[in-house]
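Shown next, in structure tokens, is the structure this report addresses.
The values are calculated or read from the model by the stated rules, or taken from the named source; none is laboratory data. All values reported here derive from a predicted model rather than from experimental measurement. Note: ideal-geometry Cβ built from the backbone for every residue, glycine included; neighbour counts use all protein chains shown. Quick note on the areas: whole protein, heavy atoms, side chains included, nothing else; ligands and nucleic acids left out. Shrake-Rupley method; radii C 1.70, N 1.55, O 1.52, S 1.80 Å.
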Amino acid sequence: MEDYGSSDEDIYSSDQDSLDGLENDESDSQWGSSTGNSCKVITRESLLVAQREDLWRVTDLLSLREHHARTLLIHYRWDVERLLAVLVEKGKNCLFAEAGVPVLEEVDVDSYVSSSTVTCDICIEEVAGSEVTKMDCGHCFCNDCWTEHFIVKIKEGQSKRIRCMAHKCFAICDEAVIRQLVSKRHPDLAEKFDRFLLESYIEDNKMVKWCPSIPHCGNAIRVERDEFCEVECSCGLQFCFSCLSEAHSPCSCWMWELWTKKCQDESETVNWITVHTKPCPKCHKPVEKNGGCNLVSCICGQAFCWLCGGATGRDHTWSSISGHSCGRYKEDQEKKSERAKRDLYRYMHYHNRYKAHTDSFKQESRLRETIKEKVANLESKDSRLRDFSWVTNGLYRLFRSRRALSFSYPFAFYIFGDDLFKDEMTNAEKEIKQHLFEVQQQQLEANVEKLSKAFEEPFDDYEETHIMEMRMQVLNLSVVTDTLCKKMYECIETDLLGALQFSSHNIAPYQSKGIERATELNGGRSAKANNIIPCQKAHDQTNGGSIEFVQPSGCGTSDEIGCSSRKRTRKDSGGGFFDLNLPAELIDRN
């Protein structure tokens, strides 16, 4: 097999350049990007819609008010399936108690509103009955104490789950009451409280993460199935959903983190210094020998023996160095030097090939415009050939395969090394598995190089018969390359990672269509929201008035009915804040 990497004598100490530029090279949809719909882009405008999809599922199932459903979901980190599992396993009362949702169905506050004065158990002050608030858990305190409690918790960053002030009460306070009380004294904190509640859908949800683009595009990505996957944001950035670094399959996240650190820091430079230099016994600076004599001198003037590193005199005779003799074998030092040299050469082998394929990927990415021009020239000719999709599909296959081949070398560096999996395989098993893996890797490498060479040919100047021959060649190579990629991933997932006993590594699965592009979230229940039951009035516990809670009717899921996602203006009441308990359509209408 021809070696496409650099020579082992070359030292490449920093690999940052090779890590850049890989993210957006497959972003154009016309070059074969995946159009699956298992991951969604959540913009700032559609964040409320995304949150309501899960909220409506819980409110419909458990017949709860929306802020209670949000309390449940925040406690279970927006994992609806886990919430339902706890409900089935432990029952409704236990589900509510663990999350801090009061089990009382309704709170009677008429006695407090009608009373002339009430004693607050916190400040021990007599206050008017209209100046107290009773939470769903049944505890009642004055509005000033509640407000101070809420302000402290919001400033401490606990605004998503503010508990009741009563001793040993774990109930979560009503967010509508918190918003109303805080907005009277600190409107900015009330807005911060609303923002925390809204963004908890992303911050506390393992299936939703912010796009790591720099500068930040403002989008978040939600996946439906497995968190170990690679996705593409609508801004064009492709990344690993699990660790938020660039897409690195078939490397696991742990392997990729170690590899990038190894390439970026000076660890290998230190290894080179250990192999090729000796420290001066006086100033301790590394000294490299530039001659054959084993009596060397440092720039500080100290002479020492190159063989053992001991300080010597300056005279050297046929029999010995003046004032020094080192004929004894030191096994530990010799082993240390040989191990450092072996580790350095092994790293250079894998890094040179990783960098060679990464550089090839960058060069081949520049073929896009050239290939477009060649296809345009062929289409302008008077020929029977009109379909040139095989060109774009083959070029995309080249990108995908080259990228997988590039990251297979860091994977091989760790899976067959002693850093992570020393006790996972015997030497005999490691040798057999490494041979099988390298055979598949070399077969993939050979076909990728053939496919790359085919696209460098000036096929727009070929005769029609020659173009037909090239078409068959590209189609065959594309199929073979895709098959070899699948087999290499099967080998990695089944024979290598699947056989691990003491550690677990997960990788993003191979997809023939490439990294999946997230689609815009358009889910909602506009049709369902139009069928709103009459408003249920609950007493306003802060001023004796009433608060309206609007609950949607029906029991369908958010995926059954679609609605458009558009930016919603905030309701200008109570300090200019929108109520998360109100349906989105009601906010629009107001």
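Condition (residue is over 18 Å from Lys513 (Cβ atoms), among the charged types (D, E, K, R) and touching a helix residue (DSSP H, G or I) at 6+ places or on another chain (Cβ under 6 Å)) applied to the stretch 393-404: is it met by at least one residue? Break it down stepwise before answering.
The first filter runs over the stretch 393-404 and keeps only residues over 18 Å from Lys513 (Cβ atoms), leaving none.
The answer is no, given that none of the residues of the stretch 393-404 is over 18 Å from Lys513 (Cβ atoms), among the charged types (D, E, K, R) and touching a helix residue (DSSP H, G or I) at 6+ places or on another chain (Cβ under 6 Å).
What number of residues within the stretch 38-68 are of a type in the set (D, E, K, R) and in a helix (DSSP H, G or I)? Break it down into steps so the answer makes sense when it comes.
Narrowing the stretch 38-68 to residues of a type in the set (D, E, K, R): 40, 44-45, 52-54, 57, 60, 65-66.
With the extra rule that they be in a helix (DSSP H, G or I), the set shrinks to 52-54, 57, 60, 66.
So the answer is 6.
With the checklist (1) in a helix (DSSP H, G or I); (2) within 31 Å of the chain's Cα centre (by Cα); (3) under 30 Å from Gln501 (Cα atoms) in hand, flag the one item Ile432 doesn't pass.
(2)
Taking the stretch 42-98 as the search range and keeping residues that are over 30 Å from the mean Cα position of the chain (by Cα) and basic (Lys, Arg), which one is nearest to Val177 (Cα to Cα)?
Arg65
Evaluate the stretch 366-385: report whether one residue or more is at pLDDT 75 or above and within 24 Å of Trp259 (Cβ to Cβ).
Pass one, the stretch 366-385, residues at pLDDT 75 or above: 366-381.
This time we only want the ones that are within 24 Å of Trp259 (Cβ to Cβ), so: none.
There is no residue in the stretch 366-385 that is at pLDDT 75 or above and within 24 Å of Trp259 (Cβ to Cβ).
Out of Ser245, Ser249, report the one residue that is open to solvent by 20 Å² or more (accessible area, probe 1.4 Å) and not hydrophobic (A, V, I, L, M, F, W, C). Walk me through it before giving the result.
Numbers: Ser249 fails: open to solvent by 20 Å² or more (accessible area, probe 1.4 Å).
Exactly one residue qualifies, and that residue is Ser245.
Could you tell me which residue of the stretch 69-85 is surrounded by the most Cβ atoms within 10 Å (Cβ to Cβ), considering only residues that are out of contact with any Leu (no Cβ under 8 Å at 6 or more places or on another chain) and not in a loop (DSSP other than H, G, I, E, B)?
Among those residues, the one meeting the criterion is Thr71.
I'd like to check which helices (runs of 4 or more DSSP H) are fully inside the stretch 109-198 and have at least 2 residues that are surrounded by 14 or more Cβ atoms within 10 Å (Cβ to Cβ) and in contact with a Leu (Cβ under 6 Å, 6 or more places away or on another chain). Let's see the steps before the verdict.
Details: elements: 110-114, 143-155, 175-185.
Counting at least 2 such residues, we get 143-155.
For residues that are more than 18 Å from Leu73 (Cβ to Cβ) and touching a helix residue (DSSP H, G or I) at 6+ places or on another chain (Cβ under 9 Å), tally how many sit in the stretch 180-197.
First pass over the stretch 180-197, keeping only residues more than 18 Å from Leu73 (Cβ to Cβ): 180-192.
Within this subset, residues satisfying the condition of being touching a helix residue (DSSP H, G or I) at 6+ places or on another chain (Cβ under 9 Å) are 180-186, 189-192.
Residues that pass the stated criteria total 11.
Output the residues belonging to the stretch 206-233 that are in contact with a helix residue (DSSP H, G or I) (Cβ under 9 Å, 6 or more places away or on another chain) and either more than 14 Å from Lys40 (Cβ to Cβ) or not β-branched (Val, Ile, Thr) (or both).
Within the stretch 206-233, the subset in contact with a helix residue (DSSP H, G or I) (Cβ under 9 Å, 6 or more places away or on another chain) is 208-210, 220, 222, 228.
Within the stretch 206-233, Lys209, Trp210, Ala220, Arg222, Phe228 qualify.
Taking interchain pairs and intrachain pairs at least six residues apart, which have beta carbon atoms under 8 angstrom, with the first residue in the stretch 421-448 and in the same structural domain as Ser504 (by TED's automatic domain parsing) and crowded, with 18+ Cβ neighbours inside 10 Å and the second in a helix (DSSP H, G or I) and of a type in the set (Phe, Trp, Tyr)?
Pairs that qualify, where the first residue is in the same structural domain as Ser504 (by TED's automatic domain parsing) and crowded, with 18+ Cβ neighbours inside 10 Å and the partner is in a helix (DSSP H, G or I) and of a type in the set (Phe, Trp, Tyr), are Phe421/Tyr414.
Per-residue answers, yes or no, for (1) modelled with pLDDT of 85 or more; (2) open to solvent by less than 40 Å² (accessible area, probe 1.4 Å); (3) touching a helix residue (DSSP H, G or I) at 6+ places or on another chain (Cβ under 6 Å); (4) assigned to a helix (DSSP H, G or I):
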site	(1), (2), (3), (4)
Cys293	no, no, no, no
Glu338	no, no, no, yes
Arg346	yes, no, no, yes
His351	yes, yes, no, yes
Lys362	yes, no, no, yes
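Let me confirm something: among Ser200, Ser242, which residue is within 22 Å of Arg52 (Cα to Cα) and in contact with a helix residue (DSSP H, G or I) (Cβ under 6 Å, 6 or more places away or on another chain)? Break it down stepwise before answering.
Numbers: Ser242 fails: within 22 Å of Arg52 (Cα to Cα).
From the options Ser200, Ser242, the qualifying one is Ser200.
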